[in-house]
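Asks: Before I ask anything, here is the structure I am working with.
The values are calculated or read from the model by the stated rules, or taken from the named source; none is laboratory data. Predicted model only: the values in this text are computed from it and were never measured. Note: ideal-geometry Cβ built from the backbone for every residue, glycine included; neighbour counts use all protein chains shown. We work out accessible area using only protein heavy atoms, side chains counted, and drop any ligands, DNA or RNA first. Shrake-Rupley method; radii C 1.70, N 1.55, O 1.52, S 1.80 Å.
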Amino acid sequence: MIKKISIILMCLLLAATAFSACSKKDKNAENTDESTSEGAGLDDVANEYGFEEDADGDTVPVVYEDGKAYVIDEQGNKTGEVIKNPKNAPSKSGKSGKSGNNGGNNGSGDNGGGNGGSSESPTRVTERESVTNRTETEKATTKSELTTLPLDKDVVPATSATGTAVQFSDSDVTTLTNMLEIPYLYLANYENSDRVPIEIATHTACWMAQRQNIDTNTFAGGTVAVDLFCYYARTVVNFKAQCNNYTGSSADNAAPITYDSANDTFTITASSYESPTHRVEITSIEDLGNNNYYKVTANVSGIDSSCNKKKVVAIIQKNKLDMSLGFSVKALKWS
């Protein structure tokens, strides 16, 4: 993806959340003032950060210094891991090197595996454009500014946490509803202390790929990795290595996506993106404080026979990782 990555280190500029990245044009997504405003001059620092592939084959966020790529965590702190020969380091002109390896959006670079290929695009599945906002009766509202906390103060709440009920805008409630209605998302639970389950990440990858709104069925590996980073606000560990284990013919409720390691590309294998498998109705949103964390509680009704869930609790973070979303999902508990 990284011909030019619009990533801003959130711990420096916003809320110690991660990066301001992968903003996508999607006519179905509505933005609020809280989740779209950026200060002037942010592009001046965008190319200092990017994504590289580590020794395990995972795409990880990095900061470029002195010709090297230093792996950083969600809060922008160096982990100690160094990639000595980065493939996507920005040049002096401010553009990264080999866009093809991680997927330039126009298909340029070494492997030509970008999103601008000639492959036919799967039929898109329309998201819900409006839902009932059951938070509008609450007196407290979300803050217009994101808080900024140092790493040692950032604590992601568990799904059992409680807070103060708040009011979200109609557009934000619709966005969160669509995020929680990703097909088959109910197949796994996770807390922030757990790894993101690959089983649901495959379906998330398909949903995020559709939001790219590009006429192709093939997406560069880096593009998909960044999309997942935006949705979960962290790297989905071993996603490339394990993706096909969860999407093969023997897998139940498999997402229509496969990974080609030779070209570092993901392909949507079906003629259409996934149809809805369930519906959620958000009943409450609680402000959990700390680093822009909220607890979303919703009723669940199944469409697909595999869904027997009646309720979901999600811990979300308000951030600017994906400007068309404005949120990341840090934990999920279905029951």
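Asks: Leaving ligands, DNA and RNA out of it, work out the accessible area of Ser249 with a 1.4 Å probe and give it in Å² to the nearest 10.
Replies: Looks like 130 Å² after rounding.
Asks: On to the next question. Sorted by packing (mean other beta-carbon atoms within 10 Å per residue), highest first, where do 205-216, 265-276 land?
Replies: The packing order, highest mean first, is 205-216, 265-276.
Asks: Could you point to the residue in Asn189, Gly221, Ile200 farthest towards the positive end of region 156-228's charge dipole, with +1 and -1 charges on the Cβ of Lys/Arg and Asp/Glu respectively?
Replies: Ranked along the dipole, the leading option is Gly221.
Asks: Classify region 186-280 as rounded, prolate or oblate, taking a ≥ b ≥ c as the square roots of the eigenvalues of its Cα gyration tensor: rounded when a/c is under 1.5, otherwise prolate if a/b is larger than b/c and oblate if not.
Replies: Because its axes are fairly even, with a/c under 1.5, region 186-280 counts as rounded.
Asks: Here's something else I'd like to know. Within 9 Å, Cβ to Cβ, of Asn192, how many net charges do the neighbouring residues add up to if Lys/Arg are +1 and Asp/Glu are -1?
Replies: The answer is 0.
Asks: To the nearest 20 debye, what charge dipole does region 219-301 have about its Cα centre, counting +1 at the Cβ of each Lys and Arg and -1 at the Cβ of each Asp and Glu?
Replies: Roughly 100 debye, rounded to the nearest 20.
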